[in-house]
Structures are given as C-alpha cells and as structure tokens.
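To start, the structure under review is shown below, and the notes come after it.
All of the numbers you see were taken from the coordinates with simple rules; none came from a lab. This is a predicted model, so every value here is computed, not measured. A quick note on method: Cβ atoms are made from the backbone with ideal geometry, for glycine too, and the neighbour counts reach across all protein chains shown.
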Amino acid sequence: MIKANVHAGRGAGKFRDPWEIKKFLSSIGTNMTQVSRDIGTYPQVVQETVHGSRNHRKTLAHLRDLGCPLEALSLPEDLRG
C-alpha cells in the first residue's frame, strides 16, 4: 500500500518518498546540493521537489536519469515512461 506524504501538496508529489530518495542519493555518493549544481537550480527547489511540495520537472528528470527508484519519485504523468 502506498502511503501519502503528509508534508506534500497535491498531485504526484503527495506519494513521493523523501527518505528513499535521500538514501538513494547517499548510496551513489551525492546529495541534493550536488543535484542542484548539476542541473543549475537553487538547492531549495531540489529540496521542495524531493519533499513533494513542488514538481520541478528538471529535478525529477535528473533523479530519474541517475537511477532513483521510480516508486520513490512518484513522477507526474508527463515524466513516466
């Protein structure tokens, strides 16, 4: 059963799992600050996206391309597949 992220807004981010995403980033030797540098955005944007209150497409696509588990990302329709 998928649990909703009580700290997230509505939509796809509601089911995002920030702990799994952070665990994944740590396992590949990176973090949210480095992700923000890689894609050229502010760290706050990446943090809000990971926590589900924002759906920044560039952040989500980068995390997906790094190999982050899709069930943890809870991607919007346009980024699936």
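A few points about this structure:
- Pairs linking a residue in region 61-80 that is closer than 20 Å to GLU48 by Cβ to a residue that is hydroxyl-bearing (Ser, Thr, Tyr), with Cβ atoms under 8 Å and 6 or more positions apart or on different chains, are LEU66/THR30.
- Within region 64-81, considering residues that are surrounded by 15 or more Cβ atoms within 10 Å (Cβ to Cβ) and closer than 18 Å to THR30 by Cα, the one nearest to the chain's Cα centre (by Cα): LEU73
- Checking ILE39, ILE28, ILE21 one by one, the residue that is without any contact (Cβ under 8 Å) to a residue 40 or more places away in the chain, surrounded by 13 or more Cβ atoms within 10 Å (Cβ to Cβ) and in contact with a helix residue (DSSP H, G or I) (Cβ under 7 Å, 6 or more places away or on another chain) is ILE39 and no other.
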